[in-house]
Amino acid sequence: MMLPTGRRFRPRARRRELGLLAVAAVTLLAGAFSLDATRRLSPVVIAGVEGTAGGPNVGAALGVYLAALVAAHFVLVAAGRRTDQILLPTVGLLGGISLLLMVRLPQGLAGGLGLGTTQLVWLVGSIAIITAVSALARNDAWLRRYKYTWAAFGIGLLLLTFILGREVNGQRLTLAIGPLAGQPSELLKVILVVFLAGYLSENRTLLVEQSTRLGPLHLPPLPYLAPMVAMWAIALSIVVIQRDLGAALLFFAVFLLLLYIATGRASFVVLGLMAFIAAGAVLYEVVPHVRTRVDIWIDPFASASGAGYQVVQALHAFGRGGILGTGLGAGLPAVGGLPPGGIPALHTDFPLAALGEELGLIGVLAILGLYLVVIERGLRIAASAADDFRAILAAGLSLVIGVQAFIIAAGNLKLIPLTGITLPFISYGGSSLLTNGLVVGLLIALSDRGAELPAPSPPARGLRGLLDRGAA
Amino acid sequence: MDGLVLSIWLLRLLFLALLYAFLWAVVRVLLRDLRAAAREPGSELGRLFVVASPGGEPAEGSAFSLDAVTTLGRDVNNTIVIDDEFASGTHAVLTFRGRTWYVEDLGSTNGTYLNGAAVDGIAPAAFGDELQLGNVRLRLERSRR
């Protein structure tokens, strides 16, 4: 890793991070031993699943992964910034659990290299992004100055997906340009947070001050909310057209949370929820896809061998796991319906159900606890940020991970209707791992209290300036 | 129960126990951080950081902890004394009202500027905004809890 030229090389020890990484490594090694021993003891379970063979050696994969984590730690030490030391080990443990899951699922799901190896490559890529962003991103002006540019870029990316995207399972989510393929809605969530942080921090005082009252409710001043609502509506409508309900739910929840964080007005949230309920009711009537999802949620057993199959199998998996679980490698995790009793799309949508079966209630609670740690850390970073932009950005980034984990975990558990979205750092998938790496890298960079604030931009001229002065 | 099955069972429980050991180690660090933050003076509503001050009073690079009402000017009775030839005796006042900060110009000769725009009467100020009184530039910052 290169250091910016002209800055003196001044490493700074990160003892907490090293200690926590050691605990995480020991935990993952114990998991690998447990997995390996179980597979040796009962090859029958594995033999029933076609294509299990050919996955990478558990020990070798874990070794490469842990080496990447340790390398990341030393690069951060060399960078010498006083930044957060908790996020890397926490996220590292989540990624390691993902690796323990992916190395023994049917490997044929992910093209040439196989599921386990591909996931290992993406995990190492994600750690590299965390390291690079948290070591090098010292100035945030490139984020806050160009919020409209970022927003336009995000919208363009989505429109491009809509026109050129490849269809997978009836959802047009994947954009392929040459050999590169990815899901832009993952990147869009980061762009949305950056835009909202820039816009809300700039207009926070006006949003708070000039609200119009409608009965007991405060309405936000419309001219100031219009660009934001437009941004939200465009993103949302495209996402609904693409049938990516999980992303739509995530965007809307993060939008409301950030609006509340910036203004402290509960009535904005109440309004948003009312709009959400109305939109939900309309979508239920109009879009068949939504109605199916809600009907499955209300009673999956009505169509247990049809539409509700996935959810029913997930519930059975949680049931088989009980409190302590069956042990790593002793569950029936299968993808594509193999063997009977397996869960389709386990590696992307239902990793929590597989972990619930193998680690039990205790294990699932620990994993949810790790996500809580990420949220707590992010909100602490937000609380100690020097200005509004950084505070809202840090809160938004940590909430993106937290809300996304909640949506898919609750979907797996039939707490809310299931929407296909990845479980951060555990689900299989390059787009998800790389963008979540970007999110965590930015959070670590934002936790640096010594980083300089950019000078405020001069008063706006032209149309923006007129708008600002006219309303002030 | 033979030894292999027993050891596998123990390994399983060991993995779960280690997951919680990690969580416990993290939570201990988090609690320590929270306690340290609670010990710091937490009542300040914001800080005023001195970006530029040619006259040396207030000193460049210093920061003031803000109360709900802070007056600024050349007169020694102000909360923050601005010793600058272009600052008036009672120049401006910063107030925190419930949710936001406000800057009010108290009829100063050379005016008060917020992010480079002249403050006409009273204006809301956000964290990160820059105030200018005479040649002195000050930045409003969030208190770091």
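The values are calculated or read from the model by the stated rules, or taken from the named source; none is laboratory data. Keep in mind it's a predicted model, so treat the numbers as computed, not measured. Please note: Cβ atoms are built from the backbone with ideal geometry, for glycine as well, and neighbour counts cover all protein chains shown.
Points worth noting:
- Unique residue being at pLDDT below 65, more than 21 Å from the chain's Cα centre (by Cα), surrounded by 14 or more Cβ atoms within 10 Å (Cβ to Cβ) and within 23 Å of A:Ala391 (Cβ to Cβ) when the list is A:Ser201, A:Ser211: A:Ser211
- Criterion (more than 14 Å from chain B (Cβ to nearest Cβ), exposed (fewer than 14 other Cβ atoms within 10 Å of the Cβ) and at pLDDT 80 or above) met by exactly one of A:Val194, A:Val286, A:Val254: A:Val286
- When we screen A:Gly156, A:Gly182 for residues that are modelled with pLDDT under 80 and closer than 30 Å to A:Leu446 by Cα, the only hit is A:Gly182.
- Condition met for A:Ile444 (part of a helix (DSSP H, G or I), within 18 Å of the chain's Cα centre (by Cα), surrounded by fewer than 22 Cβ atoms within 10 Å (Cβ to Cβ) and modelled with pLDDT of 85 or more): no
- Residues of segment A:380-405 that are more than 11 Å from chain B (Cβ to nearest Cβ) and of a type in the set (S, T, N, Q): A:Ser398, A:Gln404.
- Residue count, segment A:293-303 (criterion: farther than 17 Å from A:Ile408 by Cα and either surrounded by 14 or more Cβ atoms within 10 Å (Cβ to Cβ) or in contact with a strand residue (DSSP E or B) (Cβ under 8 Å, 6 or more places away or on another chain) (or both)): 2
- Scanning segment A:19-34 for residues that are within 21 Å of A:Val77 (Cβ to Cβ) and facing chain B (nearest Cβ under 9 Å) turns up A:Gly19, A:Leu20, A:Val23, A:Ala24, A:Val26.
- Verdict on A:Thr118 being under 14 Å from A:Gly437 (Cα atoms), surrounded by 18 or more Cβ atoms within 10 Å (Cβ to Cβ) and among the polar types (S, T, N, Q): no
- Scanning segment B:122-136 for residues being in contact with a helix residue (DSSP H, G or I) (Cβ under 6 Å, 6 or more places away or on another chain) and assigned to a strand (DSSP E or B) gives a total of 1.
- Here B:Thr79, B:Thr95, B:Thr70, B:Thr90 are screened, and the one residue that is touching a strand residue (DSSP E or B) at 6+ places or on another chain (Cβ under 9 Å), within 14 Å of chain A (Cβ to nearest Cβ) and of a type in the set (Ser, Thr, Tyr) is B:Thr95.
- Taken over segment A:119-145, the criterion of being farther than 15 Å from A:Ala445 by Cβ, part of a helix (DSSP H, G or I) and more than 20 Å from the chain's Cα centre (by Cα) is satisfied by no residue.
- Considering the conditions (1) over 22 Å from A:Tyr65 (Cβ atoms); (2) at pLDDT below 90, A:Glu358 is excluded by exactly one of them, (1).
- Counting the residues of segment A:348-367 that are surrounded by fewer than 24 Cβ atoms within 10 Å (Cβ to Cβ), more than 20 Å from A:Pro89 (Cα to Cα), more than 15 Å from the chain's Cα centre (by Cα) and more than 9 Å from chain B (Cβ to nearest Cβ) gives 1.
- Selection count, segment A:368-379, where residues are surrounded by 21 or more Cβ atoms within 10 Å (Cβ to Cβ) and facing chain B (nearest Cβ under 8 Å): 3
- Residues of segment B:98-106 include none that is at pLDDT 85 or above, farther than 29 Å from A:Leu207 by Cβ, assigned to a strand (DSSP E or B) and not basic (Lys, Arg).
- Residue check, B:Leu11 closer than 26 Å to A:Gly378 by Cβ, assigned to a helix (DSSP H, G or I) and facing chain A (nearest Cβ under 9 Å): no
- Summed over segment B:46-63, residues that are within 14 Å of another protein chain (Cβ to nearest Cβ) and either touching a strand residue (DSSP E or B) at 6+ places or on another chain (Cβ under 6 Å) or in contact (Cβ under 8 Å) with a residue 40 or more places away in the chain (or both) total 8.
- Of the residues contained in segment B:18-40, one or more are found to be more than 9 Å from chain A (Cβ to nearest Cβ), surrounded by fewer than 18 Cβ atoms within 10 Å (Cβ to Cβ), part of a loop (DSSP other than H, G, I, E, B) and at negative phi.
- Output for segment A:380-407, where each listed residue is surrounded by 24 or more Cβ atoms within 10 Å (Cβ to Cβ) and among the polar types (S, T, N, Q): A:Ser398, A:Gln404
- Those residues of segment B:105-145 which are more than 11 Å from chain A (Cβ to nearest Cβ), touching a residue at least 24 places away in the same chain (Cβ under 8 Å) and in contact with a Gly (Cβ under 9 Å, 6 or more places away or on another chain), in sequence order: B:Leu106, B:Ser108, B:Asn110, B:Leu133, B:Gly134, B:Asn135, B:Val136
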